[in-house]
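Data block below; observations after.
What follows draws every value from the coordinates through simple rules; no lab data is involved. As the structure is a computational prediction, the values presented were derived from the model and not from experiment. Because the Cβ atoms are built from the backbone with ideal geometry, glycine has one as well, and the counts that use them run over all protein chains shown.
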Amino acid sequence: MALLLNFVIVFVKKLNGNPRNKIIMARKEILKAESKNFNFHYADGTHALKDINIPLYEKKITALIGPSGCGKSTFLRSFNRMHDLYAGNKYDGEIILHPDDTNILDKKVDPIEVRMRISMVFQKPNPFPKSIYENVAYGLRVRGENNKRLLDDKVEEALKGASLWNEVKDRLQDLAYNLSGGQQQRLCIARALATDPEIMLFDEPTSALDPIATVNIEELMSELKKKLTILIVTHNMQQAARISDYTAYMYLGEMIEFDETDTIFTKPSKRATEDYITGKFG
Amino acid sequence: MAKKNPKISRALAKNIRRNFVERLIEIALMLSGLIAVLITFGIVFILVTESLPFFEAVSLKEFLTSTVWTPNFEKKNYGILPLVSGTLTITGIALIVAVPLGTITAVYLSEFASHKIRETIKPVLELLVGVPTVVFGYFALLLVTPLLQKIYPDLPTFNMLGPGIVMGVMIVPYIASVAEDAMRAVPMSMREGAYAMGATRFQTAVSVVMPAATSGIVAAYILAISRGIGETMIVAIAAGQQPNFTFNPVESAATITAYIVSVALGDLEHGGIGYQSIFAAGIVLFIMTLSLNILGQWTRKKFTERY
Amino acid sequence: MSKIIGHEDNINTIRALIKKHKKNDRIFSYIGLFVIGSLAIALLVLFLDLVIDGYPKMNLEFFSNFPSRKPEGAGILSAWVGSALVLIVTFFVAVPMGVASGIYLEEYAKKGWFADLIEINVANLAGVPSIIYGLLALGLFVYEFGLGQSILTAGLTLSLLMLPIVIVATREAIRAIPVHIREAAYAVGATKWQVTLHHVLQYAMGGVLTGIIIGMARAIGETAPVITIGALTFIAFLPPTPVTDVAPFINFAWLEAGFTVLPIQMFNWISRPEHAFHINAAATGAVIIILTLLMNGIAIKLRYSIRKKIKW
């Protein structure tokens, strides 16, 4: 009897304990990546990220939300080693990529290789001042691909994947800048898709776009997650609620709460999360 | 989940060959970058080594205080002062012309001119900068001097006034562009304070903008002086090539630069004292312009840091 | 004027004050316009005077004759050929080194004493009088390296003059490229050199070209350093041609030849007392100034059209 009680107590504790374990027991999600005790210091000494532990589940959309300056973009940009471009930044801790269990923050790991597996879409659409075709093909050229037939196929595939093909198929040689803002952002998505990434990082991808373009991109992301894993930073809570499967709420460099999106937005376990969600501040 | 010691997967290990090529390219670019340092070093090296024998033969005292410079005559005198006086006089005249004109142009372009006028005038200034100095020299000799002689008939063909004026015109765009940059850098908010009190453009320019841009404007003047001191062809053509210790503009004289040219035109026996004297003169010139340039850049930096 | 403003009878004083200030403002505006107009006119007068004075001589013979003791038959053949050959050397030395230095300083150099040292040197070199470069070339290239008073020496000397211009133009052009374009290229997995070659250089090319054109225009007109290294002023022969009809079809003997250039020819003719030679000088000057004005004009046009085209 006592044994049974113990078992129940332990079971219940486990249920309310580590949220990650709870979810895995429930749905058997596959872990694509995870950050472990990840700390980040900027060159001027700012301790921007403190002990972040966030899992990224395969073929799911994970959203990072939080007020300005909470570190969500900093965290996102660590995934593809963007901080390496600027001297003095320091990574501490690990970001492990599965299934090969590689720590992408390890000094021995080449950031170039990381970026070939993990691609990024930026906040303001930033196509190259080249043709639409060349924008999408560039990632492939950098990997040594020069076979025209192959490039043509992959460019078409990527543009279709970004829901842009029909609009541009007759003017692939046009300058990318002639496209509208929403089209340019989809072009950037196509560019990021062309290299078959395992994870796509989105840094507030629709904040510079009008509402219609925003809807297009959100629908696109829901399609894309069928093939790859997505991590998105967004300022727009409603967007996170709409499209993501998991949400992490961050505040002042710390991860406050991580859970399934539904849970975060309906019954968050931390008071701080609830305050943010309900608009008490932020 | 994660193993205790995560192995670096082969796919993510550094690509050795690619990194080797990258490093090679970086080194090649760095060597190109070093060229500038090498050139400076080369200049100092050559000036010093080639003039060393000169300074062994000529006392520093004579060099710096004698007012006669005749290294290539029978009776050799080695005082640098005549060349310096020629340089300073002509540059002085040039500044009298260029400073007011250049400053007025800068103020007008920065504070008065409409966008259209500014966009039309700035290219004109740039074109003026691009005119070869030998052409300016032609003007000084064949246009300006005869014009001056109509006013002052006793003016000799070779004098310092003509080239001085022409050099002034040549320098105006230098002063105008640096000073204008400095004035444009003054934030609009400062000007708005003055306009809001009812000041006119001219009053704002004089009481707010120019004081705020002082270091930039002064830098412009300093750089202009340096440019004038280093100028060769205008003076070589129109001021004559006879060293003459005087500050009188209506006389002919030679500048340091004109002297170097006159010797180079003749027969240069490598290693003779005549040959070495141009390097000695060159050192003096280099020191003068280098100090002015450093001073000018330091002054200019002060204005960029302010905002 | 320290009266306190506010009363009815002071309104007139204020109005008079404002009127005076506005008048000063207008006067200055006229003065400014006058000064600028004079500068523009001066440039025009310069140009026209040369062209008008030199016009009688500007015919095909002028370009195909050698200079001679008699002004009438003299031409600038050796001068313009010499200028062209020297500029070829200048271009191929100054452009690669200048662009490479610019790329290094903007893309690769880490902040620190090393980059600062190079920067300070480039800034100083831009202000060194051209004749000092002539002295450097005389001592170093002509004698120390034994290159003699040749086209090669002149080309190297002028490339030293052109170098700071190209470096600064390259740096400015690269700096104009916004950060997010670079980040996009890196994010796709490109290496530093790939980003530099495929993106940075291409986008900066317009600005770099502008700098190169301005540098070359300056090199055409430079006289003092070329005189100093000993270019002869009376040359009645041409350097050997670079292209021959026997293998290996290209020779480099022309690099070592004696030569003259256009501005030196003009200088030489001005220095003669005979008026007829002055006409020759004017004609030469017209040629030089047409070339430099044309090149500078093209560079300005190029810069303008770049600014309009690229909207990041």
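When chain B is treated as a GNM, springs tying every alpha-carbon pair under 10 Å, which of B:L29, B:L47, B:L95 comes out with the largest mean-square fluctuation?
B:L29
Between C:S150 and residues 5 or more places away or on another chain, which pairs have amide H atoms under 5 Å apart, with H built 1.01 Å from N, and which residues are they?
none
Once you have a ≥ b ≥ c as the square roots of the Cα gyration tensor eigenvalues for chain C, tell me rounded if a/c is under 1.5, and otherwise prolate or oblate according to whether a/b is larger than b/c.
Details: a/c = 2.41, a/b = 1.27, b/c = 1.89.
Taking the square roots of the gyration eigenvalues as a ≥ b ≥ c, chain C is oblate.
Going 7 Å from the Cα of C:N24 along its beta-carbon direction, which residues of segment B:206-221 have the amide nitrogen within less than 20 Å of the resulting point?
B:206-214
B:K302: which aspartates and glutamates have alpha carbons under 18 Å from its alpha carbon, excluding same-chain residues fewer than 8 sequence positions away?
Result set, ordered by chain and number: B:E180, B:D181, C:D116, C:E119.
Under a crude label model (7 Å from the Cα following the beta-carbon direction), how far is C:L117 from A:N166 in nanometres?
Label at C:L117, label at A:N166, 6.3 nm between them.
Please compute the length gained on full extension between C:A176 and C:V45, using 0.36 nm multiplied by the number of residues separating them and subtracting their Cα-Cα distance. Present the calculation step by step, with values, prior to reporting the outcome.
Numbers: separation 131, 0.36 × 131 = 47.16 nm, distance 3.70 nm.
In short, 43.5 nm is gained.
Pairs A:K50/A:K108; A:K90/A:K160; B:K122/C:K23; A:K124/C:K301; A:K50/A:K270; A:K90/A:K225: which exceed 29 Å Cα-Cα? Please report the intermediate quantities before stating the final value.
Values: A:K50/A:K108 23 Å; A:K90/A:K160 38 Å; B:K122/C:K23 27 Å; A:K124/C:K301 31 Å; A:K50/A:K270 18 Å; A:K90/A:K225 31 Å.
Exceeds cut-off: A:K90/A:K160; A:K124/C:K301; A:K90/A:K225.
Could you grab the relative contact order for segment C:69-175? Cα pairs under 8 Å, six or more apart, rounded to a whole percent. Mind showing how you got there, number by number?
Working: 74 pairs, mean separation 52.6, N = 107.
Computed over segment C:69-175, the figure is 49 percent.
State, as an integer percentage, the relative contact order of chain A based on alpha-carbon contacts under 8 Å between residues 6 or more apart. Mind showing how you got there, number by number?
On the way: 495 pairs, mean separation 70.9, N = 282.
Once normalised by length, the contact order is 25 percent.
Kindly rank A:67-77, C:148-158 from highest to lowest mean number of other beta carbons found within 10 Å of each residue.
Numbers: A:67-77: 19.7, C:148-158: 24.8.
Averaged packing, sorted descending, gives the order C:148-158, A:67-77.
I need the calculated FRET efficiency for the pair A:N39 and A:D174, taking r as the beta carbon distance and R₀ as 45 Å, to the nearest 0.05.
Working: r = 45 Å, r/R0 = 1.01.
Computed FRET efficiency for A:N39 and A:D174: 0.50.
Per residue of segment C:60-73, in order, report the coupling 6.51 cos²θ - 1.76 cosθ + 1.60 (Karplus, θ = phi - 60°) as ³J(HN,Hα) in whole Hz, putting x for Gly and Pro.
In residue order, the calculated couplings are 4, 5, 4, 7, 10, 9, 7, x, 9, 5, 9, x, 5, x Hz.
Using θ = phi - 60° and the Karplus form 6.51 cos²θ - 1.76 cosθ + 1.60, what ³J(HN,Hα) does each residue of segment B:218-232 get, whole Hz, x for Gly and Pro?
After applying 6.51 cos²θ - 1.76 cosθ + 1.60, I find 4, 4, 4, 5, 4, 5, 5, 4, 4, 4, x, 5, x, 6, 10 Hz.
What nm distance separates the two modelled labels at C:Q202 and A:K226, each placed 7 Å from Cα along Cα→Cβ?
Using points 7 Å along Cα→Cβ, the separation is 3.3 nm.
Convert each backbone phi in segment A:125-133 into a coupling constant with the Karplus relation 6.51 cos²θ - 1.76 cosθ + 1.60 (shift: θ = phi - 60°), then list the ³J(HN,Hα) values in order as whole Hz, x for Gly and Pro.
Taking θ as phi minus 60°, the curve returns x, 10, x, 6, x, 9, 6, 4, 4 Hz for segment A:125-133.
Highest mean first, how do C:209-222, C:288-301 rank when packing is the count of other Cβ atoms within 10 Å averaged over residues? Walk me through the numbers before you get to the answer.
Working: C:209-222: 23.9, C:288-301: 18.8.
My ranking of the peptides, most packed first, is C:209-222, C:288-301.
C:I14 to B:S114: FRET efficiency via 1/(1 + (r/R0)^6), r the Cβ-Cβ distance, R0 41 Å, to the nearest 0.05?
Details: r = 29 Å, r/R0 = 0.70.
Efficiency at R0 = 41 Å is approximately 0.90.
Does chain B come out rounded, prolate or oblate by the C-alpha gyration tensor, with a ≥ b ≥ c the root eigenvalues, rounded set by a/c under 1.5 and, if not, prolate when a/b is larger than b/c and oblate if not?
Numbers: a/c = 2.60, a/b = 1.25, b/c = 2.08.
Cα axes put chain B in the oblate bin.
Once the Cβ-Cβ distance between C:R272 and B:I27 is put in as r, and R0 is 51 Å, what FRET efficiency do you end up with, to the nearest 0.05? Numbers along the way, then the final one.
Numbers: r = 53 Å, r/R0 = 1.04.
Working from the Cβ atoms, E equals 0.45.
Checking the a/c ratio against 1.5 first, then a/b against b/c, what shape does the Cα gyration tensor give for the protein assembly as shown?
Verdict is prolate for the protein assembly as shown.
Reachable aspartates and glutamates from A:K226, Cα under 18 Å, same-chain residues fewer than 8 places away excluded?
A:E29, A:E58, A:E157, A:D196, A:E198, A:E218, A:D245, A:E260
Under the rule that an exposed site lies in a DSSP loop and has at most 13 other Cβ atoms within 10 Å, name the longest stretch of chain B with no GluC sites (Glu not before Pro) of that kind, not counting the sites themselves. List each step's numbers first, then the result.
Working: sites that count: B:E74, B:E269.
For GluC sites (Glu not before Pro) (loop position, at most 13 other Cβ atoms within 10 Å), the longest site-free span of chain B is B:75-268.
Taking each residue in B:167-178, count the Cβ atoms of any other chain within 10 Å of its Cβ, then average. What number comes out?
The shielding value for this peptide is 1.
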